[in-house]
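The values are calculated or read from the model by the stated rules, or taken from the named source; none is laboratory data. For clarity, every value in this text was computed on a predicted model and none was experimentally measured. Glycine gets a Cβ as well: all are built from the backbone with ideal geometry, and neighbour counts include every protein chain shown.
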Amino acid sequence: MRSARTTLDPRVTVNEVIAFLYAAENDGLTVQEVAYLAGFTQSTASRSLRALRRADSDWSQAQAPGPLEAYLNPQDGRSHVIQLTDRGREVRDRLGAIIRQAVTIAPQRLTAAA
C-alpha cells in the first residue's frame, strides 16, 4: 500500500497542479501572473492557488494540502504574492527528481515504426 506521502491527494484538480507548477518554477509570482502564464482567468487562478494554501491560512479553502502560501504584495497591498511552503519545496524537488529520471521513448517508437 502506498503511503500518503507518495500519492496525489484526490481533491487536487488539474488546474491546481498547473498553478502549483508555475508557482514552483517561479517563486514569488502574483495571482495575476499565474493567471496570465497558465491561461486562466484571475478567478480560476485564485481559486486554484487558494485550494493549495496551508489549511491554517485565512486565504485557503477548507482542508487545503498546504504546498503554497500567499502574502499581501508589498508593492500594492492588495494582490497576493505566492510562495512555496516547506512542503511545497519538498513536492517540487520530488517532481524534479522524477522528471530528471524520465526516459524518453519517442525516438524508440520512431525507430520501430520505420
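The residue that is surrounded by the fewest Cβ atoms within 10 Å (Cβ to Cβ), counting only those in segment 3-19 that are at pLDDT below 80 and β-branched (Val, Ile, Thr), is 6. Taking the numbered list (1) over 22 Å from residue 14 (Cβ atoms); (2) at pLDDT 90 or above; (3) not in a loop (DSSP other than H, G, I, E, B) in turn, residue 71 passes all entries but (2). When you scan segment 32-53, do you find a residue that is outside any loop (DSSP other than H, G, I, E, B), touching a helix residue (DSSP H, G or I) at 6+ places or on another chain (Cβ under 8 Å), at pLDDT below 90 and not β-branched (Val, Ile, Thr), even just one? For segment 32-53, residues outside any loop (DSSP other than H, G, I, E, B), touching a helix residue (DSSP H, G or I) at 6+ places or on another chain (Cβ under 8 Å), at pLDDT below 90 and not β-branched (Val, Ile, Thr): absent. Considering segment 74-114, and only residues there that are part of a loop (DSSP other than H, G, I, E, B) and at pLDDT 85 or above, the residue that is nearest to residue 18 (Cα to Cα) turns out to be 85.
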